[in-house]
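> Quick one: this structure, given as structure tokens, is what I'll be asking you about.
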Amino acid sequence: MTTILDGKKLSAKMTDELTQKVAMLDEKPHLAVILVGENPASELYVGLKKKTAEKIGIKSTVIKYPQNTDEKTVLDKINELNNDKNVHAILVQLPLPGQISEKKVIQAISPQKDADGITPENIGKISIGVEPYAYPCTPKGILSLLDEYNINIEGKHAVVIGRSNIVGKPLAQMLLNRNATVTICHSHTKNLTDIIKSADVLISAVGKNKLIKKEMIKSNSVIIDVGTSKVGNRVVGDVDFDNLFELVSYITPSPGGVGPMTIASLMENTYNLFKLSRNG
Ligand code: NAP
């Protein structure tokens, strides 16, 4: 029998718990989000983050810049937010326009205010097995989902497709820290189907509709669909959900799986960074 990993339900539970915790605080956590340009997907994601923050009682400020903004403007704003005691967490919505270096931007964010958990210090801490100030939101959300359904990955072959700095690479490290045997695949990987076929846990973070088909997967495996792309007006995942559903033991729906877990993890990070700022 196949179980759906219900990210919508778990994220609602997480945000309810956070709402109660935030209600007990004298001061509200404050998340600052920098959005550059008019990318519709980014605007949608930032809107969802702001809405969730407000529901929980977290203050959120969105700082919007036009598409042609120069790098210095963004770096100066990050510096200002780093030094602002009333801001506890900073998120720069990616991707950024080409004239702005994502690497420079990520490195400019204070690790203690790193809402997305992607600064070199936090990623480095994860790599050496030390607790970071914040974990990257999407990988953190995926592990929370596995925990909720008591899925033990120790000794299992976990295959991660995609090697971005925000999803694939940190996720692979976090799975390794939990004693999974991890393979990372990307656009240059040869024999992708053979590798996928041997996955006990498959995580696809590509953004290609129906990349993962029924004939590619191992029976009774766990399938996590991170990727998003558009078919007409519909947002879809990487996995051919309807055709392979019955073959697997656990699977995330898309939408309603990893997406809401990413937002809930961001809210948890913001709350934790606020507490960190108060406890020194
Ligand atoms: P990304 O920067 O969009 O890169 C995509 C990755 O997929 C790259 O590593 C690329 O390989 C790899 N790839 C592309 N075509 C491939 C193929 N045919 N076979 C194997 N690998 C292939 O990565 P991202 O930022 O992690 O985003 C990935 C997807 O997840 C996107 O659709 C994004 O919208 C979605 N996403 C969803 C959430 C959520 O909360 N649901 C959060 C974050 C991202 P190369 O490195 O060789 O180019």
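The values are calculated or read from the model by the stated rules, or taken from the named source; none is laboratory data. This structure is a prediction, so every number in the text was calculated from the model and none was measured. Neighbour counts are summed over all protein chains in view; Cβ atoms, including those assigned to glycine, are modelled from backbone coordinates with ideal geometry. Side chains included, ligands, DNA and RNA excluded: accessible areas come from the protein's heavy atoms. Shrake-Rupley method; radii C 1.70, N 1.55, O 1.52, S 1.80 Å.
> For the chain, max minus min Cα coordinate along each principal axis, in Å, sorted largest first?
Between the extreme Cα coordinates on each principal axis of the chain lie 52, 42, 40 Å.
> Longest exposed-loop-site-free stretch of the chain, with trypsin sites (Lys or Arg not before Pro), DSSP loop and at most 12 other Cβ within 10 Å? Present the calculation step by step, with values, prior to reporting the outcome.
Details: sites that count: Lys85, Lys190.
The answer is 86-189.
> Would you check the accessible area of Asp6, probe 1.4 Å, heavy atoms only, in square angstrom rounded to 10?
Counting only protein heavy atoms, Asp6 exposes about 50 Å² to solvent.
> Take the cross-link list Lys51/Lys103; Lys169/Lys210; Lys218/Lys275; Lys9/Lys214; Lys190/Lys230 and give me the ones stretching past 32 Å between alpha-carbons. Mind showing how you got there, number by number?
On the way: Lys51/Lys103 28 Å; Lys169/Lys210 22 Å; Lys218/Lys275 43 Å; Lys9/Lys214 26 Å; Lys190/Lys230 26 Å.
Over 32 Å apart, Cα to Cα: Lys218/Lys275.
> Then there is this: Normalising by the residue count of region 66-164, find the relative contact order in percent from Cα pairs under 8 Å and 6+ residues apart.
Numbers: 82 pairs, mean separation 18.3, N = 99.
Normalised by residue count, the contact order of region 66-164 is 19 percent.
> Next up: Over 26 Å apart: what share of the alpha carbon pairs of region 36-179 falls there, rounded to a whole percent?
Numbers: 3044 of 10296 pairs.
Within region 36-179, distances greater than 26 Å cover 30 percent of Cα pairs.
> Among Gly117, Gly98, Gly47, which one moves the most in a GNM of the chain with springs linking Cα atoms closer than 10 Å?
Sorting by GNM fluctuation, first place goes to Gly98.
> Only Cα pairs under 8 Å and at least 6 apart count here; give the relative contact order of the chain as a rounded whole percent.
Details: 544 pairs, mean separation 62.2, N = 280.
22 percent.
> What figure, in Å² to the nearest 10, do you get for the accessible area of Cys185 with a 1.4 Å probe and non-protein molecules left out?
Solvent-accessible area, nearest 10 Å²: 0 Å².
> Moving on. I'd like the per residue volume of the convex hull spanned by the Cα atoms of region 235-280, given in cubic angstrom.
Working: hull volume 4.0 nm³, N = 46.
Enclosed volume per residue, from the Cα hull, is 86 Å³.
> I'd like to check one number: the per residue accessible area of the chain, probe 1.4 Å, reported in Å² as a whole number. Before the final figure, lay out the partial values.
Values: 13630 Å² over 280 residues.
Ligands and nucleic acids excluded, the figure is 49 Å² per residue.
> Return P(r) of region 177-216 (all Cα-Cα pairs; 5 Å bins starting at 0; whole %; ordered from short to long distances).
5, 19, 34, 27, 10, 5, 0
> I want the antiparallel fraction of DSSP beta bridges within the chain, as a percent rounded to 5.
Details: 3 of 33 bridges.
Of the beta bridges lying entirely in the chain, close to 10 percent run antiparallel.
> Under a 10 Å cutoff between Cα atoms, tell me which one of Thr15, Thr270, Thr73 has the largest fluctuation in the Gaussian network model of the chain.
Thr73
> Would you work out the Kirkwood radius for region 155-280? I mean one over the mean of 1/r across all pairs of different Cα atoms, in Å. Intermediate values should be presented prior to the final figure.
On the way: mean 1/r = 0.0649 Å⁻¹.
The answer is 15.4 Å.
> Ignoring ligands, DNA and RNA, what percent of the 1.4 Å accessible area of the chain is carbon and sulfur?
Of the solvent-accessible surface of the chain, carbon and sulfur hold 51 percent.
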